[in-house]
1. Can you give me the distance in nm between label points at Arg102 and Ala23, each placed 7 Å from the Cα along the Cα-to-Cβ direction?
2. Which Rg and Dmax, in Å, describe the Cα atoms of region 100-152?
3. Per DSSP H run of n ≥ 4, the term is -39500 (n - 2.57); total these for the chain, divide by its residue number, and report the mean residue ellipticity at 222 nm rounded to 500 deg cm²/dmol.
4. In degrees, nearest 10, range 0 to 90: what is the angle between the Cα axis of helix 125-138 and the longest Cα principal axis of the chain?
5. So, R0 is 35 Å and r is the distance between the beta-carbons of Phe70 and Gln130; what FRET efficiency does that work out to, to 0.05?
6. Order by neighbour count: Thr116, Thr175, Thr133, fewest other Cβ atoms within 10 Å first, most last.
7. With charges set only on the Cβ (+1 for Lys and Arg, -1 for Asp and Glu), what does the dipole of region 7-194 come to about its Cα centre, in debye to the nearest 20?
8. Please list log₁₀ I(q)/I(0) at q = 0.11, 0.12, 0.14, 0.17 Å⁻¹ for the chain, using the Debye equation with identical point scatterers on the alpha-carbon positions.
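Derivation of every value follows stated rules applied to the coordinates shown; laboratory data play no part. All of these numbers come straight from a predicted model, not from anything done at the bench. All Cβ positions, even for glycine, are placed from backbone atoms using ideal geometry, and neighbour counts span all protein chains on display.
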Amino acid sequence: MSPKTEACFSGLIVMESPQINVAIDQLTFSLFQRPLHPELFQIYASRQLKTEKYEALIWVTGCTHVVSVFAGDVCLSEVVSTPGQLLPHRGLVERFQFRGPRTHKCTLSRGVSYMTDFQIEKMSPNLYRQSHTDLERFARNRGVFVKFPELEVDSLQPFCYVDFEARRSELHIHTFAAYPDQVTMVKTQSLFDFQ
């Protein structure tokens, strides 16, 4: 079975475990001005949002994510991916590695703007556990939270939490991706603005 496929055995769908034992600086941020096909990704959870001005798809793809926002004939897709993730070249606006804090802004045609910033936080095991507990509790009321207990390292579980706030013409996304082998969390904050 290849890493990007699902197999059926006796009516059960078996999903591959996500790739979590990667160096944080090997993660890639990409911004596309196009939708991305779901078959490119192993999707562990998804959410769909709709407002007057836009629709959005949020996919948790392990300790990584994809957010695609559609407004009329414009689509922006934010992707955080692991090494080896197949991604198209067509429609690529920006791509960079996670090497320290970074802010990126761009204004696209037709009144669409986008901004993101991210940080990498090395934690103590106790702070990691407390962050996991706090974010999982917060996720009971909003957002998408996926944990991977089968990949626990030293009693620390990898997880991904995507929080969102859908306003009439803006979408705010906050993500928290936790990597226990490095006791590290990658945090992103993005704003999709459709004026």
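1. 1.5 nm
2. Using the Cα atoms of region 100-152, the pair Rg, Dmax is 16.3, 47 Å.
3. Numbers: 1 runs with 14 residues, N = 195.
When only DSSP H runs of four or more count, the value is -2500 deg cm²/dmol.
4. Rounded to the nearest ten degrees, it is 50.
5. Efficiency, rounded to the nearest 0.05: 0.45.
6. Details: Thr116 21, Thr175 27, Thr133 10.
Listed from fewest to most nearby Cβ atoms, that is Thr133, Thr116, Thr175.
7. Roughly 440 debye, rounded to the nearest 20.
8. With no solvent term, the Cα-only Debye profile gives -0.49, -0.59, -0.80, -1.17.
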